[in-house]
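Presented below is the structure to which this report refers.
The values are calculated or read from the model by the stated rules, or taken from the named source; none is laboratory data. None of these values were measured; they are calculated from a predicted model. Note: ideal-geometry Cβ built from the backbone for every residue, glycine included; neighbour counts use all protein chains shown. Calculation scope for accessible area: heavy atoms of the full protein, side chains included, ligands and nucleic acids excluded. Shrake-Rupley method; radii C 1.70, N 1.55, O 1.52, S 1.80 Å.
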Amino acid sequence: MPGDVVRVLALVSVVVGTWRSGPVAAALFLLVLGGVMVPRAIAAPTWLDVTYSSTILFAAWAAQLDWYVAVSWLDVAVHAVATGLVAVLGVQALHAWGVVGRGGSRTEVALLVVGLGAVLAVLWELGEWAGNAWFDRRIQVGYDDTMGDLAAGLAGSVVVTGVVVRRP
């Protein structure tokens, strides 16, 4: 499966990231490694598996390599894309695990993706705050950053919903 290539890269990233940057990077890349296993576990469509997995791996490396500092708009763009994809994958997982039925209307699916995306954006920001407060002061937080990230996550969820509800 093409997604397995990304999973191998995530596994290698645990080793390289830990060697390069220490325990905070290890935790980050272990989280990514766990995250990239989800599409395989729920038999997500290949397009979603590869896009989601590549995005979260890219997001982790961008943080480790300070690309968010070097490229001012990258943080917001990654929050938009990643949150939208995580929300879609989350809905797929809820379907696969029988938490929600597959027979919902396009409107119901859209509301579920956008709502889950909004909640995930909030949890992501809480994670950034906790990481900054308890583990690594280099994690970017602040009012403007948080509000921009929340808005981007919500916008990304809305945009990806428009794509998902049009797919057969």
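When we screen 77, 110, 118 for residues that are over 14 Å from the mean Cα position of the chain (by Cα) and under 22 Å from residue 158 (Cα atoms), the only hit is 110. Among all residues of the range 66-73, there is none that is surrounded by 20 or more Cβ atoms within 10 Å (Cβ to Cβ), modelled with pLDDT of 95 or more and of a type in the set (A, V, I, L, M). A search for C-beta distances below 7 Å between a residue of the range 95-108 that is closer than 18 Å to residue 163 by Cα and touching a residue at least 12 places away in the same chain (Cβ under 8 Å) and any residue that is in a loop (DSSP other than H, G, I, E, B) and open to solvent by less than 60 Å² (accessible area, probe 1.4 Å), counting only pairs 6+ apart in sequence or on different chains, returns 106/165. Residues in the range 74-111 that are polar (S, T, N, Q) and over 26 Å from residue 4 (Cβ atoms) were compared, and the one that is most open to solvent (accessible area, probe 1.4 Å) is 107.
Go through (1) within 17 Å of residue 31 (Cα to Cα); (2) exposed (fewer than 14 other Cβ atoms within 10 Å of the Cβ) and name the single condition residue 136 misses. So residue 136 meets the others, but not (2). Against the list (1) assigned to a loop (DSSP other than H, G, I, E, B); (2) farther than 20 Å from residue 66 by Cα, the condition residue 109 fails is (1).
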